[in-house]
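Report on one structure; see the data block that follows.
Readers should treat all values here as calculations from the given coordinates under stated rules, not as data from a laboratory. Everything numeric here is computed off the predicted structure, so don't read it as measured data. Methodologically, a virtual Cβ is constructed for each residue, glycine included, from the backbone with ideal geometry; neighbour enumeration extends over all protein chains shown.
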Amino acid sequence: MNAMMWLVAALGFGFFAYLLYTRQFKWLLSVTRNVALGVIGILIFNFLFSGMGLAVGINAITALVVGLLGAPGFLLLYAAQMLL
């Protein structure tokens with residue numbers, strides 16, 4: 001039974017690795033990269049402009065907006081914050 005679990009785990013890992021290196025999951029890597037860079041950008045902008053009252057909170061929604069839209073999403077968050 002233990003050998004069967006190792007076999008299933010190895011096959012699952014192999015399938016996941018295959019999907020990561022094919023076209024099907026390149027969008028996931030791109031979104032993940034955009035989320036990481038966007039959160040870092042939000043932290044930097046919040047540090048620089050918090051004295052002016054221009055700060056965007058970091059949560060799942062803002063990370064998803066920046067991850068899916070990229071730089072336009074980043075600018076959209078700060079434009080919305082300026083209007084509110």
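The criterion of being touching a helix residue (DSSP H, G or I) at 6+ places or on another chain (Cβ under 7 Å), surrounded by 13 or more Cβ atoms within 10 Å (Cβ to Cβ) and either in a helix (DSSP H, G or I) or among the charged types (D, E, K, R) (or both) does not hold for V56. Tell me, yes or no, whether region 30-45 has at least one residue that is free of Cβ contacts under 8 Å to residues at least 24 places away in the same chain, on the phi > 0 side of the Ramachandran plot and either in a loop (DSSP other than H, G, I, E, B) or not small (G, A, S) (or both). No. Out of (1) touching a Phe, Trp or Tyr at 6+ places or on another chain (Cβ under 8 Å); (2) among the β-branched types (V, I, T); (3) more than 13 Å from G70 (Cα to Cα), what's the single condition that is false for I42? I42 satisfies every listed condition except (3). Considering region 28-53, and only residues there that are of a type in the set (S, T, Y) and either touching a Cys at 6+ places or on another chain (Cβ under 9 Å) or loosely packed, with under 13 Cβ neighbours inside 10 Å (or both), the residue that is farthest from A80 (Cα to Cα) turns out to be T32.
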